[in-house]
Amino acid sequence: MASLDEKWKAVDKFEPVVVDRERDVVRVTKELYDLHNNRKQLRGVTSSCDYRLTIPFAPHIFGSGKTTFAQNYLELVQRFGETFLSTFASDPSSRTFLEKLKKASLLYADLRELKPTEPKERNLKWAVYYLLYRSACNQMGLPFMKPDEAYRHIPPYPSFLIPELRKTLGIPSDQYLLLAFDEVGGPETKVTTNFNSRKTTKGLSIKNDVASGLSKVILHFIPLSPLDASSIVEFLEKSLLKTPTQEPVCNVLCSSSFSVNELADSLLECTGGVPGLLTRAVNMLLNYIIARNQPFISKEECLTCMNDYDFRRICTEPFVEQILNLDEDRKSVFDILLMMALYRIPFKVDDRLTSESFLYDAVTEMGLYRYPIDQNTLQILIPKVFVGIFKKDPSISTLEKILLESLDVEPVDCFFYSKCRVFEGIVALRLVLMLSSKNRNELRELFCQLSPIWKQMKLPISTISPIHYIKSVVSSRETRNESNKSRRTFANTEWNKIIRETLYLETIYIPLDATSHSPDIIFKLQSPVEPKVLTVGVACKGRWKSEGIGWSDIIDEAKKFLDPVYDQVLSSAMDYHHCMLIIVSTKLSLNVSNELGNQSRCYSSGMFIGNDSFKVPDNCELVILCERDVQMLIDEEILSGLERAFHVSHNPTFWDFGLDLLDRIRNSFLSWQ
């Protein structure tokens, strides 16, 4: 039998193509056009000084596609010239620029190749000049002069260097020459001179850019966003094996029963669409499939391979070293970044962690990824293949492990399409900790006092489970026209299937999409001595009604959960199955508060609420938490902070929440670990 290392190999088997870089090409082309138009200002030929040199820059994130984009930029300009760049080239000036750009030459320079200079008078500037000269010779397959000879032949001034580069590359003086610098400020980029014996390059970051606000240079960041499912399909169909037949990758990996779309979904699920991870994962799958001489027959088989720990370990080896070796100061915000990823909290490019550091830079330094929502707003992306590796790190806390596992089990479309659901997420995680805590727990004791059924359940639960996601529940009419294979929802007539087949015991679930047909949180408990099962729905209400939640709101929640669960499940079940709905409201109306007497209350089977307008069904209970007891789940300061944030936006950002609020949320979790 083959060893694990033989089973999972990352040997290059195919030639990856560049896809889905239209927006990045347009952005870089516009910046180059502005540079071209304002070059006289930079030279001091004109008196105007309103333009500052703007450099398109991709942050140092391993595997994001920086090198591939730089090396293929001119090819992409050719590819998109008549499509995505056509709007840019709508006037004669930009059109002329674009036509010349299509004929340009590109010189690629890897700053990891910078060498120490001798003697010490030859500084960093000369080292870069010599690197450019040597890179041009290497690019053309020509021999190059040694440093001493080059120093005598090419004085360290642009007026001497540029003609030498043009001569070496064989391009005329009127043809554009683009310089692409790779690994600027990367972890391996160090230049040591005898003059000062220190690091002379500095990593480029948001901090450096903002701190030098009056400098002569502006950095414009190229998003280089992860690929979506449709782009991965294109990648798989156009990338060819390194064999004489040059067969498309998808033809090798997919059987007649496993489509390229399903393969793309599987790869997106595991890699998050990060180009470097995607390429490495595809190479590993190809090595595996070619060795066994049989393609994948299903999405489940493919995902099983990619979820294998050793697959993940080998796939992520070049990527995760950065975060596993972080110092404690940087690692101290890891759990907050995990919360932001799980709860879909986006952030702006210039959001600060402290007066001295930017969130954007913290994400970069940790080796995590960003998915752009718009030009200035991003979302933290943690590929699933990273999760198992992070969990093995002995320094990972219990909270971080729960957050990581929750990210691991969520559907990939939850990341790309779900909106910010912080309130429900906080309550769900606090419920996980409350149900599993081995210590005395006031909230758990309160439920035992309120509900005889709850008191019979097995608590604390045996393991700390991550938050899971289930397909959302919508009306039957909304799902009727969708095929069973493609739909992402349950009909509201399928509670029997949901409860019996989908909900595992002692696991907290959040519906994939927030709809008006199910509670915000669902879980099942069981009795340790009797065959009793309690299905619990939690309705997080009151975001953020000024008058508070009234009886009509509570009755609506009860009718959409207790009534259908009774009709479809409990009415035909034995007495061992029970159902409970818990109302968690940030603010109750005056009428509700007065009837409750400012106390939490449990309404049992046969009891009426709301002026006798709703009767609690048999084997059901309705628990309404008073505002004081809600604070056991989520305290007043957190509630106030969430209220402020959601008044600003339906999808608030890191800035709207503020680091103090997120820190308080984190501490509220840590207090129950």
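The values are calculated or read from the model by the stated rules, or taken from the named source; none is laboratory data. Only a predicted model underlies this, so the values are computations on that prediction, with no experimental measurement involved. Cβ coordinates were reconstructed from backbone atoms using ideal geometry, including for glycine residues, and neighbour counts include every protein chain displayed. These accessible areas exclude ligands, DNA and RNA; they are computed on the full protein's heavy atoms, side chains included. Shrake-Rupley method; radii C 1.70, N 1.55, O 1.52, S 1.80 Å.
The 3J(HN,Hα) values that the Karplus relation (6.51, -1.76, 1.60; θ = phi - 60°) gives for region 79-93 are, in residue order, 5, 9, x, 9, 10, 5, 8, 5, 5, 4, 8, 8, 10, x, 5 Hz. Gly and Pro appear as x. The aspartates and glutamates within cross-link reach of K541, meaning a Cα-to-Cα straight distance under 14 Å and a gap of 8 or more places when in the same chain, are E424, D520, D553, D556, E557, E627, E643.
A simple rule links phi to the HN-Hα coupling: the Karplus curve 6.51 cos²θ - 1.76 cosθ + 1.60 with θ = phi - 60°, which for region 309-316 gives 4, 5, 4, 4, 4, 6, 5, 9 Hz, with x for Gly and Pro. For L106, the residues whose modelled amide H falls within less than 5 Å of its own, excluding neighbours fewer than 5 places apart on the same chain, are L178.
Among the listed values (i) 28.6; (ii) 31.3; (iii) 33.7, the one computed from these coordinates for Kirkwood radius over Cα pairs in Å is (i).
Taking the charge dipole of the chain about its Cα centre, with +1 at Lys and Arg Cβ atoms and -1 at Asp and Glu Cβ atoms, the residue from L639, H153, V363 reaching farthest to the positive side is H153. Straight-distance candidates among the aspartates and glutamates for linking to K242, with alpha-carbon spacing under 17 Å and chain neighbours fewer than 8 residues away dropped: D12, E15. Within the same chain, aspartates and glutamates fewer than 8 places from K615 are excluded, and of the rest, those with a Cα less than 12 Å from its Cα are D563. Full extension of the chain segment joining N37 with S230 gains 65.8 nm, where the gain is 0.36 nm per residue of separation less the Cα-Cα distance. Here is how the number arises for the chain: DSSP H runs of 4 or more residues each give -39500 (n - 2.57), the sum is divided by the residue count, and the result at 222 nm is -13000 deg cm²/dmol. Amide H contacts of S472: F490, L512, D513, each under 5 Å away and 5 or more positions distant or on a separate chain (H built 1.01 Å from N in the peptide plane; Pro and chain starts excluded). Computed from label points 7 Å out along Cα-Cβ, the spacing between K497 and K125 is 7.2 nm. Rounded to the nearest Å, what's the spacing between the alpha carbon centres of region 344-374 and region 506-537? Just the number, please. If we compute the Cα centre of each part, the gap is 35 Å. Pairs from the table (K115/K146; K66/K299; K391/K524) lying more than 21 angstrom apart at Cα are K66/K299; K391/K524. Separation between the N439 and D663 pseudo-spin-labels, each 7 Å from Cα along Cα→Cβ, expressed in nm? It is 2.1 nm. Modelled this way, with points 7 Å down the Cα-to-C-beta line, the labels at S572 and M140 are 8.1 nm from one another. If both residues of a DSSP beta bridge must be in region 494-634, then about 45% of such bridges are antiparallel. The R628 and S90 beta-carbon pair, evaluated with R₀ = 51 Å, returns a calculated FRET efficiency of approximately 0.25. Between region 575-601 and region 216-239, what is the separation of their alpha carbon centroids in Å? Between the Cα centres of region 575-601 and region 216-239 lies a distance of 49 Å. Per-residue 3J(HN,Hα) values for region 646-651, derived from phi via the Karplus relation 6.51 cos²θ - 1.76 cosθ + 1.60 with θ = phi - 60°, read 7, 6, 6, 7, 6, 9 Hz in sequence order (x marks Gly and Pro). Checking the Cα-Cα distances for K30/K103; K497/K560; K458/K532; K100/K125; K331/K392; K103/K167 against a 20 Å cut-off, the pairs over it are K100/K125.
Counting only protein heavy atoms and a probe of 1.4 Å, the accessible surface of the chain is 50% carbon and sulfur.
Stretching D310 away from R292 to a fully extended chain increases their span by 4.7 nm, per 0.36 nm per residue minus the current alpha-carbon distance. Computed with a 1.4 Å probe over protein heavy atoms only, the accessible surface of the chain comes to 46 Å² per residue. Database remark: amide H of I373 closer than 5 angstrom to the amide H of L378, Q379 (H placed geometrically; neighbours at sequence offset of 5 or more, or on other chains; Pro and chain starts carry no H).
Calculate how many DSSP beta bridges within the chain are antiparallel, expressed in % of all such bridges and rounded to the nearest 5. For the chain, the DSSP antiparallel bridge percentage is about 40.
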